[in-house]
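So the structure is just underneath, and the comments pick up after that.
The values are calculated or read from the model by the stated rules, or taken from the named source; none is laboratory data. This is a predicted model, so every value here is computed, not measured. Methodologically, a virtual Cβ is constructed for each residue, glycine included, from the backbone with ideal geometry; neighbour enumeration extends over all protein chains shown. For accessibility, only protein heavy atoms count, side chains too; no ligands or nucleic acids. Shrake-Rupley method; radii C 1.70, N 1.55, O 1.52, S 1.80 Å.
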Amino acid sequence: MTVVDQARASTYDLARVRADFPILAREIHGRPLVYLDNAASTQKPRIVAETIAECYGGWYANVERGVHTLSQLATAQRERARETVARFLNARSAEEAVFTRGTTESVNLVAEAWGRRNVGPGDEVLITGLEHHSNLVPWQRLCEERGAQLRVAAIDDAGEVRLDEFERLLSPRTRIAAFAHVSNALGTVNPVREMAAMAHRAGALALVDGAQAVPHMLVDVRDLGCDFYAFSGHKVYGPSGIGVLWGRKEILDAMPPWQSGGGMVQTVRFEKTTYAPPPHRFEAGTPFIEGAAGLAAALDYLTAMGLPAVGAWESELLALATARLAEVPGLRIVGTARRKAAVLSFVMDGIHPHDLGTILDHDGIAIRAGHHCAQPVMERFGVPATARASFGLYNTPEEVEALAAALHKARELFG
Ligand code: PLP
């Protein structure tokens, strides 16, 4: 069976999935929308919008400090959402799930709250060569501020982290290793369980940036054995502006607060303030109340679809796209790791990725072009930018064919 046959023979209920996403019915420049920019942000199923509308229409109020009914309802909804997150990640308890604005804020929280207390002069932080800027710059700044050293495990020509180097760079000086579960620029799936174990053997903590993993695969933080896991709602079919930092309870318990203000305190006196236990210690100020509910709706939706089925479907799309794009003259795929998830980065001789993005947009096809907030990855592969098609649970083999046809057309017109 060819990959096309395999994709078509799948029992995955694609029509039902697509019907859940109203935006997919719209046209762009008079053509059906082909949305292949899922790694940047996913579209939202109806249930997420309905949940947010229900919040405004039925139970909205500020959380935590209210005695009136709506405030208690809103507080209960938020804590229920936290429990959904904990279940989604197989966390030990909901107290381990901190709501943040997204992956970026989650990493900054750890770098600043945990990092300032635990990383000092002469210490080291280890990252890899495929990190998104949001799992790089916070560590770089921490190291600069604390007189520590940032170490980087290189990637090979396929875009895989060189595990021998990762292990070699770990030492008793390493305080934390921070690495992506899935690379947004290359699609590489890192062996994060193994990497977390390596970090622990060296006495370091392990933070996993899961922004690109949670939409595509079951994540079990206990099984992975990491200490922190971060992800963003908007990449997992939920609202933008909400995300999660999962942290091992004993580590969160020992961490000082990050931002300060209302909601993160126990008692406040001019002489001394005492802080709430996690997760509220790390959630200063009025949170994104409706966002947490929307995120929980998205996670429930994905769970009901079955992440293994979603991942299998996306693997078929990726295999089909890889085969089809390899047939386009002058096209080179950037990132050929053995294990990849839903991301296809490529460059084409004679056509800048940005121009490619514009050309495809005229056919209604949304891809991303640029450095994908991973400039060191672009440098590693000697390209200023790539074009990137990334797949979600609602994409179809026909859309992959449309992408390939548009690239052939671009080749003929501009190549
Ligand atoms: N990490 C990875 C691997 C990403 O792909 C992204 C976003 O593209 C981020 C972190 C940052 O996520 P956010 O902008 O939602 O904070």
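Things to note:
- Within segment 375-413: backbone nitrogen closer than 14 Å to the Ala323 label point (7 Å, Cα to C-beta): 397-398, 400-401
- Checking every one of the GluC sites (Glu not before Pro) in segment 240-321 against DSSP loop status and a limit of 15 other Cβ atoms within 10 Å picks out Glu271.
- Selection of trypsin sites (Lys or Arg not before Pro), segment 61-145, meeting DSSP coil and at most 15 other Cβ within 10 Å: Arg65, Arg92
- Full-stretch length increase - Asn90, His362 - with 0.36 nm per residue and alpha-carbon distance subtracted: 93.6 nm
- Per residue, the accessible area of the chain comes to 41 Å², computed with a 1.4 Å probe over protein heavy atoms only.
- Normalised convex hull volume, segment 3-106, alpha-carbon set, Å³ per residue: 187 Å³
- Note on Asp355 and Ser171: their simple-model spin labels are 4.8 nm apart, each label 7 Å out from Cα toward Cβ.
- Centroid-to-centroid separation of segment 45-72 and segment 279-318 [C-alpha atoms, Å]: 18 Å
- Sparsely packed trypsin sites (Lys or Arg not before Pro) within segment 337-415, loop by DSSP, other Cβ within 10 Å at most 16: Arg338, Arg339
- Value of [θ]222 nm, deg cm²/dmol, for the chain, DSSP H segments ≥ 4, -39500 (n - 2.57) each, nearest 500: -11500 deg cm²/dmol
- Accessible carbon and sulfur surface of segment 49-304 relative to its total accessible area, %, 1.4 Å: 50 percent
- Estimated at 0.36 nm per residue, the fully extended path between Ala25 and Thr286 surpasses their Cα-Cα distance by 90.4 nm.
- When only alpha carbons of the chain are considered, Rg and Dmax amount to 21.9, 73 Å.
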